[in-house]
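The values are calculated or read from the model by the stated rules, or taken from the named source; none is laboratory data. Predicted, not measured: the structure shown is a model, and the values here were computed from it. Note: ideal-geometry Cβ built from the backbone for every residue, glycine included; neighbour counts use all protein chains shown. The accessibility values were calculated without ligands, DNA or RNA, using every heavy atom of the protein model including side chains. Shrake-Rupley method; radii C 1.70, N 1.55, O 1.52, S 1.80 Å.
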Amino acid sequence: MTVSQTMRAMMIVRHGGLEVLQSAEVAVPTPQPGEVLVQVSAVALNNTDLWTRQGAYGRPGDASALSGWRGPIDFPRVQGADVAGRVVAAGTDSDGDLVGRRVVVDPAIYDSDRPDANPVGLMGSERDGGYAEYVTAPVERVHDMTDSALTDDQLASLPTAYGTALGMIERGRLREGETVLVSGASGGVGLALVQIARARGARVLAISSGSKIESVREAGAHEVVDRAQDIAGQIRAAAPEGIDVALDVVAGDLVGEGLPLLREGGRWVIAGALGGHRVAFDVRRLYLHNAQVIGSAMHTPAHFGLLMDLARRAEIQPVIAATFPLGEAARAQEELARRNHVGKIVLHP
């Protein structure tokens, strides 16, 4: 396959507002040993894009420090964790059989080669990502999805949102027949949680608001709580015997209000802080009821493999809210930040 020498990329030159996201003509990266070069057909947006650009993650011991997903960023940095495309070249010691195949890239950088490895970095933060015409990736993180019935836009919607969702569900040990609470249910991760939890045979109680409630029901929620009203009261009415597992991307006040609603041995899994990163709760609700609060950052390699199997069988159906050309990445991020959409926003290089 013929590959051009230069490409268009959208990169951040420092932490800040939308103005730091700039277009550039740069060299096409060369795949190193053990890597492949992917021509990007679609790249999905995530809240991680906003927070990495803003430097909003903080650091241990300094919550206000400007930081990428897991630490300082080397600028300029091409953003974008979620890539679907085709392999067009392979480095030495790489799998040349992948050339020409339609693929999804696992964006995580792991702390080991184990199936249960922890993610300690992210494409688009700790290494260049997919807001570009081409991106390199380790061959072991590239999954052949040629035979999937999902579109490239849908495939690009999977890695962070659905990977994070599946990681939460696995770490929360959600079982068939349990009652699960999903916060932020109209967002990318929230819709993924609703779909996967429903497919697992759980009773899904979701939190959303306004015009988004019906879309959340269509995604598979059995009941939807309006976040503009008394959330705890609505949950008690909908699940009088309590919640087995909460899958929470909001945190903030919801944690303190929601923990007393867990059943004995309940699990509260947190993978985001849309409602605030500082929480307060009555610790007696933990130890007296054998409850657990579990942090969940993305997925493991084993989780991602399970996700790709679901996608190959088209057992999940990502919802696409809007698409933008690559050059309008700033406008796409602005739309993402407004949170008026349901589903995923995707860029086309």
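Things worth noting here:
- Gaussian network model of the chain, springs between alpha carbon atoms under 10 Å - residue of ALA156, ALA84, ALA330 with greatest fluctuation: ALA330
- Cβ-Cβ FRET estimate between SER209 and THR92, R0 fixed at 30 Å, reported to 0.05: 0.05
- Among LEU274, LEU37, LEU262, the largest mean-square fluctuation in a Gaussian network model of the chain, built with springs joining Cα atoms closer than 10 Å, belongs to LEU274.
- Our summary gives the chain a relative contact order of 18 percent, counting only alpha carbon pairs under 8 angstrom and 6 or more residues apart.
- Accessible area in square angstrom per residue, the range 36-92, 1.4 angstrom probe: 37
- The modelled label-to-label distance between ASP74 and SER4, using points 7 Å beyond Cα along the C-beta direction, is 2.5 nm.
- Look at where the Cα atoms of the range 117-184 and of the range 245-283 average out, and the two centres are 23 Å apart.
- Taking ASP95, ASP309, ASP230 as the candidate residues, the one with maximal mean-square fluctuation in a Gaussian network model of the chain, Cα springs under 10 Å, is ASP230.
- Summed over qualifying helices (DSSP H, 4 residues or more, each -39500 (n - 2.57)) and divided by its residue number, the chain shows a 222 nm mean residue ellipticity of -6500 deg cm²/dmol.
- Calculated diffusion of the range 153-287, Stokes-Einstein form, Kirkwood radius summed over Cα pairs, 10 °C and 1.306 mPa s, µm²/s: 109
- Rounded, prolate or oblate (a/c below 1.5 giving rounded, otherwise prolate when a/b exceeds b/c) for the range 195-349 by Cα gyration tensor: prolate
- Taking the charge dipole of the chain about its Cα centre, with +1 at Lys and Arg Cβ atoms and -1 at Asp and Glu Cβ atoms, the residue from LEU286, GLN39, HIS15 reaching farthest to the positive side is LEU286.
- Geometric descriptor of the range 199-273, per residue, is 99 Å³ (volume of the convex hull of the Cα atoms).
- Relative contact order (%) - the range 196-245, alpha-carbon pairs under 8 angstrom, separation at least six: 31
- Selection from THR48, VAL346, GLY85 lying farthest towards where the dipole of the chain points positive, charges on Cβ: THR48
- Listed peptides 234-245, 121-132 appear in the order 121-132, 234-245 once ranked by packing, highest mean of other Cβ atoms within 10 Å at the front.
- Under the criterion of Cα pairs below 8 Å and six or more residues apart, the relative contact order for the range 1-89 equals 35 percent.
- Percentage of interatomic Cα-Cα distances in the range 47-99 larger than 13 Å: 66
- In this label model, HIS289 and ARG339 are separated by 2.5 nm, measuring between points 7 Å along each Cα→Cβ vector.
- Cα-based values for the chain, radius of gyration first and Dmax second, are 19.9, 64 Å.
- Cβ-defined net charge surrounding VAL28, 12 Å radius [Lys, Arg +1; Asp, Glu -1]: -2
- For the range 159-233: accessible area per residue (Å², 1.4 Å): 35
- Chain lengthening between ARG200 and ASP226 when straightened (0.36 nm per residue, less Cα-Cα): 7.0 nm
- A Förster distance of 25 Å, applied to the separation of the beta-carbon atoms of ASP113 and GLU25, puts the FRET efficiency at 0.10.
- Between THR146 and LEU306, the C-beta separation translates, for a Förster distance of 25 Å, into a calculated FRET efficiency of about 0.85.
- Peptides ranked, highest mean first, by Cβ atoms within 10 Å: ranges 134-142, 280-288: 134-142, 280-288
- Debye-formula intensities of the range 128-179, expressed as log10 I(q)/I(0) at q = 0.18, 0.20, 0.29 Å⁻¹, are -0.82, -0.93, -1.22 (one equal scatterer per alpha-carbon, no solvent).
- Stokes-Einstein, applied to the Kirkwood radius of the range 301-349 over Cα pairs at a viscosity of 1.306 mPa s and 10 °C, places its translational diffusion at 127 µm² s⁻¹.
- When the alpha carbon gyration tensor of the range 11-169 is reduced to an equivalent ellipsoid, the three semi-axes, largest first, read 25, 18, 15 Å.
- Shown for the range 107-203: the carbon plus sulfur share of the solvent-accessible area, taken with all protein chains present and a 1.4 angstrom probe, equals 45%.
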